[in-house]
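Engineer: Have a look at this one.
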Amino acid sequence: MGRISRDAALCYGCRTCQLVCSFHLTGCFWPEESSIQVSRRPQTGVVRWSIDERCDGCVSEQECLCVAHCAYGALKTVDAGSAEEADRE
Amino acid sequence: MNRHRDIRGGLAGRILRVDLSTGAISTEDSLGYAARTLGGRGTNSLILINEIVPGTRWDDPENLLCFGAGSLVGTAAPGACRTDVSTINVFSGGKGSANVGGFWGPELKYAGFDHIVIRGKAKQPVYLYVVDGRAEMRDANWLWGKTTSQTEAMLRKALHDEGIEIATIGPAGENRVRGSAIMVDTAKAAGGSGVGCVMGDKNLKAIVVRGHGKIDVFDPPGFMSAVATAYRQCEANREKVSSMRRSAVARFEDLEFEGWETCLVVRNGQDDYWDMGKRARLMNSETGVPSMRRAVRACPSCPTGCMPYMEKPRDKYPEMKGEGFWINAVMSISRFDISDPETALSFWLLANELGLDTDYVASSVAWLFECYERGLISKKDTDGLQLTWGNGPALIEMVRKVAYREGIGELLADGALEAAKKIGQNSEYYLSHVKGQPSIEPFRIPAGWGLGVGTSPVAGRHMRGAVRGPGHSGPSGLDFDSTDYRNQARAVVWQGKTKELEDNLGICNYIGTWSGAHFLTPANFAELVRTGLGLEVTEGDLMDHYSAIGRNLEKAFNSLHTDLGREDDLPPQRFQREAVKSGPHQGSRAEKDQYEDMLDEFYALWRWDKETGMQTRADLERLGLQDVAEKLDERLACREPLDESL
């Protein structure tokens with residue numbers, strides 16, 4: 001199963017990945033119940049992004065919803081255990 | 001319409017009501033309101049018209065301050081993050097409304113509320129803490145006097161919760177400066193109508209929201225399909241406005257961009273043209289404002305991404321950083337003939353810090369600059385400041401003085417019209433205002449823009465239908481020249497209708513119908529409403545029924561609370577009399593006869609009385625607004641039914 005990697009330089013901090021992940025897991029829009037957590041502070045411009053073990057690679061979906069809905073191309077699926085996966089934030 | 005009209009998803013379902021005078025806190029169902037209005041601003045408007053008695057002033061305890069997140073806010077619908085703030089407009093006395101993006105609105109809905117309705121005044125400064133269906137008033141003396149970013153930082157530190165979102169006023173709102181904003185994420189402003197002034201008058205420093213809840217939609221698979229379609233459409237249309245990903249204002253990095261020649265007002269209205277040298281100095285990528293852009297950020301659920309994060313090093317002003325610098329920043333700074341990028345960015349970020357509406361500051365302070373030039377005021381009146389065109393440090397000092405009511409700033413703090421009365425000497429002629437609210441808008445070149453600004457029910461702002469041609473706004477497929485008076489009314493009404501929907505649903509107009517990209521259309525809105533809210537509507541229902549309800553509620557509020565009439569929808573006198581002095585549009589002025597013709601068509605398209613601009617009982621009844629018609633009858637504001645041919 002692949003895992004999700006984020007390119008911080010491309011991420012705009014819109015939290016769409018967090019929302020659509022929660023939709024996959026719960027059938028509704030529930031940011032607390034998402035494998036992805038995003039926060040950002042406008043005073044520093046920093047976007048914090050993390051993903052936890054609740055990510056199941058969107059089994060039952062045709063594609064990973066977070067990757068498919070990332071308008072900025074910041075997310076992609078990588079093979080678990082790959083060097084790229086190890087570098088993900 | 002005789003289809004399913006109950007709301008069955010999308011909303012949190014509750015309205016939080018807080019009386020700051022008594023401390024009473026209660027909740028109420030929001031779905032009934034939304035079924036009638038589509039939610040968001042529409043519901044705020046309905047609450048205001050139902051509950052505020054004519055004769056109430058903005059600073060009476062009975063005035064309400066209503067926050068309303070749009071019906072689709074908190075879902076993955078593209079751009080669904082916007083919140084409307086409605087109250088009595090401190091300038092016009094009629095409807096006040098300001099709209100803001102950012103993370104606050106979604107968090108409010110996850111906390112279980114679609115709206116917060118504030119009544120009364122607190123005896124001491126308070127902030128409101130709203131968490132998961134509960135709310136409490138808390139002491140805010142320790143926050144009073146702090147800037148918006150200081151307030152945000154102090155609340156985050158005190159509450160130990162990374163997930164809170166904050167809407168706050170700055171010192172300007174505390175000091176009841178009329179043109180005060182409510183700031184979200186420290187950088188996004190609910191700016192117009194003096195909403196921050198009302199919040200300060202109520203001694204309400206901030207509203208902190210935190211929610212761990214969820215938003216259900218009516219038809220989850222159908223809704224996600226509509227969202228996917230919308231995302232594909234956004235991607236397909238993105239190249240039409242490719243600069244957006246570098247921030248909305250990045251269009252002005254192209255020195256040939258038509259907005260340079262249609263949007264600017266220079267030296268407080270003495271001209272509407274800036275030469276290439278000034279454009280380049282302000283917006284060149286090596287040393288201009290874009291050189292201080294470090295990143296671009298997006299609001300929740302937004303695939304457009306238009307908010308620049310800026311870092312301005314210490315120069316002749318202190319170091320500053322934060323999100324911001326908007327198209328209005330360019331429109332503001334040209335009023336002072338200032339092309340220095342350090343001043344332009346400092347002006348913007350300082351106004352955010354102090355919680356000032358930049359449109360208000362730019363228009364009213366530029367007017368003072370002109371009063372100074374004409375000798376109507378002197379250095380004796382300006383605390384020694386030389387208010388001369390191009391004087392950046394004087395502008396920055398004026399921003400601070402206005403926020404703190406210091407010296408000459410006190411003169412402007414109660415509104416520029418009040419200041420004009422004090423200065424006298426026909427100074428009001430040089431003040432650009434619509435319905436009492438100072439305005440930065442151009443009226444002489446883009447006719448549809450002027451019409452949209454002039455007819456805005458919330459007084460002199462461009463977000464209620466102003467259009468500048470097919471490359472920027474207006475319906476796709478309607479090919480019109482922004483300087484040609486023909487076709488403008490039709491485009492302005494279309495743009496105004498789509499904005500009603502966007503503000504009710506909470507979808508940013510950049511993702512909607514505004515930028516020229518037409519990322520989403522009313523057809524998308526209809527699909528999202530059907531699957532998200534469970535309302536069985538067509539695109540036509542939205543455009544002809546719900547959008548008309550929204551606009552008519554605000555129009556009716558103005559009729560009930562003010563004496564505004566047709567003449568108040570016209571451009572300021574100066575722009576009718578004085579022509580543009582230079583540039584390709586030299587000689588253009590706001591031609592009164594042609595504006596009158598546009599108004600005739602505009603009123604007819606909204607089904608209002610052409611002579612007076614007033615609503616008719618027949619049309620209000622068509623919209624199911626009999627109760628509003630009865631209120632208007634009581635004020636003798638309702639006119640005879642329209643000719644059926646209209």
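Every number in this text was worked out from the coordinates using simple rules, so none of it is lab data. Only a predicted model underlies this, so the values are computations on that prediction, with no experimental measurement involved. Note that we place each Cβ from the backbone using ideal geometry, even for glycine, and neighbour counts take in every protein chain shown.
Engineer: FRET efficiency for B:A579 and B:D479, Cβ-Cβ distance as r, R0 = 25 Å, nearest 0.05? Please report the intermediate quantities before stating the final value.
Structural biologist: Numbers: r = 27 Å, r/R0 = 1.07.
Calculated value: 0.40.
Engineer: Output the Cα-based Rg and Dmax of segment B:390-516 in Å, rounding Rg to one decimal and Dmax to a whole number.
Structural biologist: 17.7, 52
Engineer: Related question: At a Cα cut-off below 27 Å, give the lysines reachable from B:K380, other chains included and same-chain residues fewer than 8 away excluded.
Structural biologist: Here the lysines satisfying the reach criterion relative to B:K380 are B:K316, B:K401, B:K421, B:K422.
Engineer: When we measure straight from the Cα of B:K278, which aspartates and glutamates land under 16 angstrom away, once same-chain ones fewer than 8 places off are left out?
Structural biologist: Excluding near neighbours in sequence, the set is B:E253, B:D254, B:E256, B:E258, B:E261, B:E286, B:D337, B:D340, B:E342.
Engineer: Apply the a/c threshold of 1.5 to the C-alpha gyration tensor of segment B:186-249 and tell me whether it is rounded, prolate or oblate. Intermediate values should be presented prior to the final figure.
Structural biologist: Details: a/c = 3.39, a/b = 1.44, b/c = 2.35.
Because a/c hits 1.5 or more and a/b fails to exceed b/c, segment B:186-249 counts as oblate.
Engineer: To the nearest Å, what is the center-to-center distance of segment B:135-172 and segment B:269-297, using C-alpha atoms only?
Structural biologist: Here the answer is 34 Å between Cα centres.
Engineer: Okay, moving on. If you check each cysteine of chain A for another cysteine whose beta-carbon is under 4.7 Å away, which ones come up empty?
Structural biologist: Flagged as lacking a Cys partner: A:C11, A:C14, A:C21, A:C28, A:C55, A:C70.
Engineer: Separate question: How high is the relative contact order of chain B? Use alpha-carbon pairs under 8 Å, at least six apart in sequence, and give a whole percent. Working shown, then result.
Structural biologist: Numbers: 1575 pairs, mean separation 101.2, N = 646.
Over chain B, the number comes to 16 percent.
Engineer: Just checking the output field for A:7-14: average partner chain Cβ neighbours within 10 Å of each residue's Cβ?
Structural biologist: Numbers: counts 0, 0, 1, 0, 4, 12, 11, 12.
Taking all residues of A:7-14 together, the mean is 5.
Engineer: With 10 angstrom as the radius, rank B:T43, A:T26, B:T151 by how many other C-beta atoms surround their C-beta, starting from the fewest. All intermediate terms of the calculation are to be shown ahead of the outcome.
Structural biologist: On the way: B:T43 32, A:T26 15, B:T151 25.
Final ranking by Cβ density, sparse to dense: A:T26, B:T151, B:T43.
Engineer: From the Cα gyration tensor of segment B:271-372, with a ≥ b ≥ c the square roots of its eigenvalues, which class applies: rounded if a/c is under 1.5, or else prolate if a/b is larger than b/c, or else oblate?
Structural biologist: Working: a/c = 1.56, a/b = 1.38, b/c = 1.13.
Here segment B:271-372 falls in the prolate category.
Engineer: A follow-up question, please. Quick one: work out Rg over Rh on the C-alpha atoms of segment B:53-184, Rh as Kirkwood radius.
Structural biologist: On the way: Rg = 15.0 Å, Rh = 15.8 Å.
Ratio of gyration radius to Kirkwood radius: 0.95.
Engineer: Moving to a separate point now. Please order B:Y595, B:Y129 by the number of other Cβ within 10 Å, starting at the fewest. Walk me through the numbers on the way to the answer.
Structural biologist: Values: B:Y595 23, B:Y129 18.
Ordered from fewest to most neighbouring Cβ atoms within 10 Å, B:Y595, B:Y129 come out as B:Y129, B:Y595.
Engineer: Sticking with this one: Mind checking segment B:360-448 for GluC sites (Glu not before Pro) that DSSP puts in a loop (not H, G, I, E or B) and that have at most 15 other Cβ atoms within 10 Å? List each step's numbers first, then the result.
Structural biologist: Details: sites: B:E370, B:E373, B:E397, B:E406, B:E410, B:E418, B:E428; in loops: B:E406.
Within segment B:360-448, the qualifying GluC sites (Glu not before Pro) (loop, at most 15 other Cβ atoms within 10 Å) are B:E406.
Engineer: For chain B, what is Rg from Cα atoms divided by 2.2 N^0.38 Å, rounded to two decimals? Mind dumping the intermediate values first?
Structural biologist: Working: Rg = 22.7 Å, N = 646, 2.2 N^0.38 = 25.7 Å.
In units of the globular-protein estimate, chain B measures up at 0.88.
Engineer: So what's the convex hull volume per residue for the Cα atoms of segment A:3-77, in Å³? Display every interim value, and only then the final one.
Structural biologist: Values: hull volume 6.0 nm³, N = 75.
So the per-residue hull volume is 79 Å³.
Engineer: Also: Residues of B:211-221, mean number of Cβ from any other protein chain within 10 Å of their own Cβ, rounded to a whole number?
Structural biologist: Values: counts 3, 4, 6, 10, 6, 5, 4, 0, 0, 5, 1.
Shielding by partners across B:211-221 averages 4.
Engineer: So which of B:K109/B:K321; B:K379/B:K581; B:K497/B:K631; B:K121/B:K188; B:K555/B:K610 end up more than 20 Å apart by C-alpha? Mind showing how you got there, number by number?
Structural biologist: On the way: B:K109/B:K321 30 Å; B:K379/B:K581 28 Å; B:K497/B:K631 24 Å; B:K121/B:K188 25 Å; B:K555/B:K610 14 Å.
Pairs exceeding 20 Å: B:K109/B:K321; B:K379/B:K581; B:K497/B:K631; B:K121/B:K188.
Engineer: Would you tell me the mean number of C-beta atoms belonging to other protein chains that fall within 10 Å of each C-beta in B:224-231, as a whole number?
Structural biologist: Numbers: counts 7, 0, 0, 6, 4, 0, 0, 6.
Per residue, the average neighbour count from other chains is 3.
Engineer: Another question about this same structure. How much FRET efficiency would the formula 1/(1 + (r/R0)^6) give for A:R48 and A:D79, where r is the Cβ-Cβ distance and R0 is 30 Å, rounded to 0.05?
Structural biologist: Working: r = 25 Å, r/R0 = 0.82.
Computed FRET efficiency for A:R48 and A:D79 comes out at 0.75.
Engineer: Additional query: Need the C-alpha centroid separation for segment B:562-618 versus segment B:475-549, integer Å.
Structural biologist: So the two Cα centres are separated by 23 Å.
Engineer: How are the C-alpha pair distances of the protein assembly as shown spread across 10 Å bins, as whole percents from the shortest bin up?
Structural biologist: 3, 15, 27, 29, 19, 6, 1, 0
Engineer: Please say if segment B:1-120 is rounded, prolate or oblate, where rounded means a/c under 1.5 for a ≥ b ≥ c the square roots of the C-alpha gyration tensor eigenvalues, and otherwise the choice is prolate for a/b larger than b/c and oblate otherwise? Each step should come with its number before you reach the end.
Structural biologist: Working: a/c = 1.62, a/b = 1.53, b/c = 1.06.
Taking the square roots of the gyration eigenvalues as a ≥ b ≥ c, segment B:1-120 is prolate.
Engineer: Any idea how far apart B:V53 and B:S243 come out in nm if each label point goes 7 Å out from Cα toward Cβ?
Structural biologist: Taking the simple label geometry, B:V53 and B:S243 are separated by 5.2 nm.
Engineer: Something else: Based on the inverse mean of 1/r over its pairs of different Cα atoms, what is the Kirkwood hydrodynamic radius of segment B:339-436, in Å? Intermediate values should be presented prior to the final figure.
Structural biologist: Working: mean 1/r = 0.0747 Å⁻¹.
Evaluated on segment B:339-436, it is 13.4 Å.
Engineer: Separate question: Sort out for me the Cα centre separation of segment B:201-226 from segment B:322-370, rounded to whole Å.
Structural biologist: After rounding, the separation between the Cα centres reads 32 Å.
Engineer: For the protein assembly as shown, what does -39500 (n - 2.57) per DSSP helix run (n ≥ 4), summed and divided by total residues, give at 222 nm, in deg cm²/dmol to the nearest 500? It would help to have the intermediate numbers written out before the result.
Structural biologist: Details: 26 runs with 244 residues, N = 735.
Calculated from helices alone, the mean residue ellipticity at 222 nm is -9500 deg cm²/dmol.
Engineer: Next question, about the same structure. Just to confirm the filter: which trypsin sites (Lys or Arg not before Pro) across segment B:371-409 are DSSP coil and have at most 11 other Cβ within 10 angstrom of their Cβ?
Structural biologist: Values: sites: B:R374, B:K379, B:K380, B:R400, B:K401, B:R405; in loops: B:R374, B:K379, B:K380, B:R405.
The qualifying sites are B:K379, B:K380.
Engineer: Hey, fewest Cβ within 10 Å first, where do B:E174, B:E239, B:E611 land in order?
Structural biologist: Numbers: B:E174 27, B:E239 8, B:E611 11.
Fewest-to-most Cβ neighbours within 10 Å comes out as B:E239, B:E611, B:E174.
Engineer: Within segment B:25-105, which GluC sites (Glu not before Pro) sit in a loop by DSSP and count at most 16 neighbouring Cβ atoms inside 10 Å?
Structural biologist: Numbers: sites: B:E28, B:E51, B:E62; in loops: B:E62.
Loop-located and lightly packed - B:E62.
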